[in-house]
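K.L.:
Pasting in a structure now, in structure tokens, and then I'll have a few things to ask.
Any read-out appearing in this document is the output of simple, stated calculations on the displayed coordinates, not a laboratory observation. Remember, it's a predicted structure, so these values are computed and weren't measured experimentally. As a convention, Cβ positions derive from the backbone with ideal geometry for all residues, glycine included, and neighbour counts pool all protein chains shown.
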Amino acid sequence: MKELIEVIAKSLVDFPDQVKVTETESEKGILLELNVAQEDVGKVIGKQGRIAKAIRTVVKAAATRDDKKIIVEIQQ
């Protein structure tokens, strides 16, 4: 899942070398934190959060195949 988010985010931003995804496991599921450059935050979130919602939907669909719960957070 980490690689999936990296590929999607790197294709959206102007500074792909600053894209970083960290993965943390907890009892609630797997938390994936997406960090991008300050200038690229708006591109990853999109208008009214549509791109962020689409990223979460794709990751959730991929995670259901593995029976896992994934939480995606976008950090600045």
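K.L.:
One residue is enough: does the stretch 63-75 have a residue meeting the conditions of a type in the set (G, A, S) and either touching a helix residue (DSSP H, G or I) at 6+ places or on another chain (Cβ under 7 Å) or part of a helix (DSSP H, G or I) (or both)?
P.N.:
Within the stretch 63-75, one or more residues are of a type in the set (G, A, S) and either touching a helix residue (DSSP H, G or I) at 6+ places or on another chain (Cβ under 7 Å) or part of a helix (DSSP H, G or I) (or both).
K.L.:
Taking the residues in the stretch 1-39 that are loosely packed, with under 14 Cβ neighbours inside 10 Å and among the hydrophobic types (A, V, I, L, M, F, W, C) as candidates, determine which candidate is farthest from V58 (Cα to Cα).
P.N.:
Looking at the filtered set, the residue picked out is F15.
K.L.:
Contact list please: Cβ distance under 7 Å, first residue in the stretch 44-55 and at positive phi and surrounded by 11 or more Cβ atoms within 10 Å (Cβ to Cβ), second residue part of a helix (DSSP H, G or I) and small (G, A, S), pairs at least six apart or on different chains.
P.N.:
Taking only residues 6 or more apart or on different chains, the pairs are G46/A52.
K.L.:
When you scan the stretch 20-43, how many residues do you find that are without any contact (Cβ under 8 Å) to a residue 24 or more places away in the chain, farther than 15 Å from E6 by Cβ and either in contact with a strand residue (DSSP E or B) (Cβ under 6 Å, 6 or more places away or on another chain) or in a loop (DSSP other than H, G, I, E, B) (or both)?
P.N.:
3
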